[in-house]
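**Student:** Can you keep this structure in mind? I'll have questions shortly.
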Amino acid sequence: QLLLKLKVDYKQMTGQDYKAGCPPSENLIVSNNGPAADDCDGEDLVDPWNVSASSTKGVDYDKLIVRFGSSKIDKELLERIEKVSGQRAHHFLRRGIFFSHRDMHQILDAYEKHKSFYLYTGRGPSSEAMHVGHLIPFIFTKWLQDVFDIPLVVQMTDDEKYLWKDLTLEECHRFTVENAKDIIACGFDVNKTFIFSDLDYMGASPQFYRNVVKVQKHVTFNQVKGIFGFTDSDCIGKISFPAIQAAPSFSSSFPQIFGGKKDVPCLIPCAIDQDPYFRMTRDVAPRIGLLKPALLHSTFFPALQGAQTKMSASDPNSSIFLTDTPKQIKNKINKHAFSGGKDTVEEHRKYGGNTEVDVSFLYLTFFLEDDEKLEKIKEDYTSGALLTGELKKILIETLQPMIAQHQERRKQVTDEMVQQFMTPRPLNYKF
Ligand code: TRP
């Protein structure tokens with residue numbers, strides 16, 4: 001018992017499994033208490049539960065592509081997306097916020113031949129409070145739904161949060177409904193979108209559960225230990241959960257939408273920390289006679305304190321919440337947004353600021369759509385013409401109306417609308 005407990009402590013402190021004779025590598029879990037002073041060459045830690053970078057510039061995403069074996073979204077792919085969709089690429093694509101993919105070319109090949117696909121994304125409803133970072137995949141998914149005119153399924157993993165957090169089933173299910181309102185407020189088309197709670201849909205859909213069981217039969221405990229770092233002391237619910245996140249990648253899990261078709265390709269937009277789930281899914285798919293899902297991966301939305309870690313809903317000062325008032329937004333940014341500026345105005349004017357680590361600038365790359373304005377801000381900040389306070393002001397004035405509008409749209413979302421989105425039903429699409 002003592003040894004087991006020590007192993008658990010070890011894992012908690014290092015984020016790694018204990019292995020005799022192998023001391024932990026550099027990348028200890030960094031808590032959200034500000035960026036470390038210097039760069040070191042340690043590995044970044046990225047999995048569905050932890051994100052921490054060894055450098056103040058944040059995660060080295062090029063290295064991650066190599067480590068995960070995915071592909072970079074390069075100029076050629078961007079141009080293809082524009083050609084096939086007939087639209088200018090979304091600024092998340094143009095600016096490398098969605099930076100990595102798996103099999104996107106195949107999705108486009110098929111689409112060009114009039115073989116359509118569907119979108120799958122999800123959200124783990126761990127609290128009522130969603131922050132702006134949580135919106136990134138949904139804003140992007142909405143764009144994909146619009147330009148390709150395709151159906152979307154959104155998995156709310158309330159079961160996952162019950163298994164991982166100290167929450168009751170009722171709480172998790174309630175968070176699903178509350179979070180669904182924020183998702184709906186992003187503007188999804190009810191005729192093309194199915195949002196489902198695992199707790200509800202798993203029990204109601206025989207086809208979904210059949211796919212879960214197929215995946216469960218083809219993944220061993222050793223494999224999930226390797227992929228997710230589960231240990232002998234993790235509850236068995238966690239160990240089998242990845243099969244549940246895998247199932248929506250297969251069109252046969254949604255007979256009401258796809259009429260039992262097994263071969264509608266799936267594209268998953270998600271943050272790259274979710275990739276382990278889908279590496280497993282892609283490994284299993286051919287063995288159960290189903291298609292591998294394609295993926296588009298995004299970078300993380302940095303915490304106010306710096307790009308070393310992502311925003312966390314459990315630390316109010318690390319995040320801008322969708323419920324924040326204009327005043328709270330202003331105060332948080334002024335007080336907590338990590339600055340790449342110099343210590344004094346004189347020095348700043350002389351040497352200029354560093355946009356690579358400046359959180360206010362990073363946030364503007366997410367939310368300021370105007371490329372020319374953004375470029376000008378970058379120039380002026382780098383040259384020292386623009387001061388940190390002025391840069392923060394631009395961010396505040398970008399976020400305040402954006403969040404106010406979100407709150408306005410969310411208010412319009414009624415319980416009946418949530419009910420509609422969450423009812424299994426045929427969706428409106430033509431393939
Ligand atoms: N596990 C994800 C989370 O905790 C939720 C999720 C389920 C998801 N399915 C997904 C995210 C598919 C992206 C794509 O937030």
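The values are calculated or read from the model by the stated rules, or taken from the named source; none is laboratory data. Nothing here was measured: the structure is a model prediction, and the numbers come from that model. A quick note on method: Cβ atoms are made from the backbone with ideal geometry, for glycine too, and the neighbour counts reach across all protein chains shown. Heavy atoms of the whole protein, side chains included, go into the accessibility calculation; ligands, DNA and RNA do not. Shrake-Rupley method; radii C 1.70, N 1.55, O 1.52, S 1.80 Å.
**Student:** Running a GNM on the chain with Cα contacts under 10 Å, which residue among K327, K392, K19 ends up with the highest mean-square fluctuation?
**Tutor:** K19
**Student:** Hey, another quick one. Using 1/(1 + (r/R0)^6) with R0 = 30 angstrom and r between the beta carbons of V413 and K373, what's the FRET efficiency to the nearest 0.05?
**Tutor:** Numbers: r = 31 Å, r/R0 = 1.04.
Once the sixth-power term is evaluated, E becomes 0.45.
**Student:** Nearest 20 debye, what's the magnitude of the dipole of the chain about its Cα centre given +1 on Lys and Arg Cβ and -1 on Asp and Glu Cβ?
**Tutor:** Details: 53 positive and 57 negative charges, 218 e Å.
Charge dipole, the chain, about its Cα centre: 1040 debye, nearest 20.
**Student:** Ratio of the stretch 201-253's C-alpha Rg to 2.2 N^0.38 Å, to two decimals?
**Tutor:** Taking the Cα Rg and dividing by 2.2 N^0.38 Å, one obtains 1.17.
**Student:** If you don't mind, another one. Under a crude label model (7 Å from the Cα following the beta-carbon direction), how far is K57 from S312 in nanometres?
**Tutor:** It works out to 2.5 nm between the two label points.
**Student:** Below 8 Å, C-alpha to C-alpha, sequence gap of six or more: please give me the relative contact order for the stretch 326-431 in percent.
**Tutor:** Relative CO of the stretch 326-431 lands at 27 percent.
**Student:** Specify the inter-centroid distance of the stretch 316-343 and the stretch 78-108, based on alpha-carbon positions, in whole Å.
**Tutor:** So the separation of the two Cα centres works out to 31 Å.
**Student:** Counting only C-alpha contacts under 8 Å and six or more residues apart, can you give the relative contact order of the chain as a whole percent?
**Tutor:** Values: 693 pairs, mean separation 78.9, N = 431.
Reported relative contact order: 18 percent.
**Student:** Same structure, new question: Per residue, how many Å² of accessible area does the chain show with a 1.4 Å probe?
**Tutor:** On a per-residue basis, the chain sits at 46 Å².
**Student:** Across the Cα atoms of the stretch 221-365, what radius of gyration and what greatest pairwise Cα-Cα distance (Dmax) are found, in Å?
**Tutor:** Cα radius of gyration and Dmax of the stretch 221-365 are 21.6, 68 Å respectively.
**Student:** Which pairs, out of K310/K335; K75/K192; K115/K261, put more than 22 Å between their alpha-carbon atoms?
**Tutor:** Correct reply: K75/K192.
**Student:** If you don't mind, there's one more thing I want to ask. For the stretch 53-185, which whole percent of the accessible surface, found with a 1.4 angstrom probe, sits on carbon and sulfur atoms? Let's see the in-between values first.
**Tutor:** Working: 2540 of 5190 Å².
Percent of accessible area from carbon and sulfur atoms in the stretch 53-185: 49.
**Student:** What is the extension gain from D200 to N331, computed as 0.36 nm multiplied by their sequence separation minus the C-alpha to C-alpha distance, in nm to one decimal?
**Tutor:** Details: separation 131, 0.36 × 131 = 47.16 nm, distance 3.99 nm.
Using 0.36 nm per residue and subtracting the Cα-Cα distance, I get 43.2 nm.
**Student:** Okay, next question. With N residues in the chain, what two-decimal value do you get for its Cα radius of gyration over 2.2 N^0.38 Å?
**Tutor:** So the chain has a normalised radius of gyration of 0.99.
**Student:** Next question. Would you work out which of F194, C172, P265 lies farthest towards the positive end of the dipole of the stretch 172-295? Charges go on Cβ: Lys and Arg +1, Asp and Glu -1.
**Tutor:** Positive-end residue among those listed: P265.
**Student:** Could I ask something else about it? For C235 and E112 in one chain, what is 0.36 nm times their gap in residues minus the Cα-Cα distance, to one decimal in nm?
**Tutor:** On the way: separation 123, 0.36 × 123 = 44.28 nm, distance 4.52 nm.
Working it through step by step, the gained length comes to 39.8 nm.
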